[in-house]
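Some notes on the structure that comes next.
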Amino acid sequence: MNKVFIPIELAVPIEKDGKELTTIEIRKPCAGDLRGLNLVDVCQMDFDAHSTLLPRISSLNERDLLNMDPANWAPLQTEIAGFFVDTKH
């Protein structure tokens with residue numbers, strides 16, 4: 001599988017490993033990344049589903065996600081849901 005990373009602009013920068021990040025790169029999930037998740041929940045942008053999936057497809061970990069400003073969730077979740085409806089990804 002060709003792992004193409006897509007940069008997502010964050011509404012509010014986050015700090016990770018002492019650096020300020022204004023973008024996060026995510027990649028299209030493969031089947032293994034979706035294990036244990038309900039695809040309907042992923043497509044409906046369910047917080048719990050995305051908080052499980054995002055560490056699998058980005059450099060973020062669970063602690064990063066829990067500390068992240070809520071304004072950053074919409075762009076990340078929208079892009080992830082788009083993977084399942086937009087065949088151009």
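Nothing in this text is a laboratory measurement; each read-out follows from the coordinates by a stated rule. Since this is a predicted model, take the numbers as computed values, not measurements. Note: ideal-geometry Cβ built from the backbone for every residue, glycine included; neighbour counts use all protein chains shown.
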Practice task
May I ask you to say which residue of L10, L66, L39 is touching a residue at least 40 places away in the same chain (Cβ under 8 Å) and surrounded by fewer than 15 Cβ atoms within 10 Å (Cβ to Cβ)?
Solution key: L39
Practice task
Keeping to segment 47-83, report how many residues are closer than 13 Å to D33 by Cβ, in a helix (DSSP H, G or I) and among the polar types (S, T, N, Q).
Solution key: 1
Problem - Residue under evaluation K28, criteria (1) surrounded by 16 or more Cβ atoms within 10 Å (Cβ to Cβ); (2) more than 14 Å from A74 (Cα to Cα); (3) touching a Pro at 6+ places or on another chain (Cβ under 7 Å), criterion not met - result: (3)
